[in-house]
Amino acid sequence: MVKVGNFRDLIVWQRGMDLACEVYRLVKLLPKEETYALSDQMRRAVVSIPSNIAEGKSRNSSSEYSRFLGIARGSNAELETQIELCIRLGFIQTGQAENALSLISEIGRMLTTIMQKIALPPSP
């Protein structure tokens, strides 16, 4: 098993950063009238994902780490909903959101797995 030194070593944090870059690219496709509405909300949600992973990893307890991972997981679901809304409103095409949706799915699975491992009692 690979020892994780800090949050930058976490693949889930790295994927979160990739997702942030992808969403910042996507929101540029939204209509100008969404600049202070949907696109702003999407940017806040996506920034929250790697930020909460980093903050949780930097805390001194597993319970706090798990709590921040839960916040990141919530932001991940929020972002998925916002991208789906953009598709339904015709602001972006499904193909344009494919990479972001794939990262969202991957990050969601990773967060769930980490949270489950944290919740397990330590092995003897």
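A few remarks follow.
- Most fluctuating residue given options Glu80, Glu98, Glu22, as computed from a GNM of the chain linking Cα atoms under 10 Å: Glu98
- When the square roots of the Cα gyration tensor eigenvalues are ordered a ≥ b ≥ c, the ratio a/c for the stretch 7-119 is 1.5 or more and a/b exceeds b/c, which makes its shape prolate.
- GNM remark for the chain: springs join alpha carbons under 10 Å apart, and the peak mean-square fluctuation among Tyr65, Tyr24, Tyr36 falls on Tyr36.
- Length added when fully stretched, Tyr36-Gln96, from 0.36 nm per residue minus Cα-Cα: 19.5 nm
- Efficiency of FRET from Cβ geometry, Ile118 and Thr81, R₀ 30 Å, rounded to 0.05: 0.70
- Spin-label model distance (nm) - Arg59 vs Arg88, 7 Å beyond Cα toward Cβ: 3.2 nm
- Candidates Asn76, Asn99, Asn60, ranked by Gaussian network fluctuation over the chain, Cα under 10 Å, top entry: Asn60
- Seen from Met115, the other residues with C-beta closer than 12 Å to its C-beta sum to a net charge of +4, counting Lys and Arg as +1 and Asp and Glu as -1.
- Formal net charge of residues neighbouring Glu84 (Cβ-Cβ distance under 14 Å; K, R +1; D, E -1): -2
Just so you know, all these numbers are worked out from the coordinates, no wet-lab data involved. All of these numbers come straight from a predicted model, not from anything done at the bench. Positions of Cβ are generated from backbone atoms using ideal geometry, with glycine treated the same way; all protein chains shown enter the neighbour counts.
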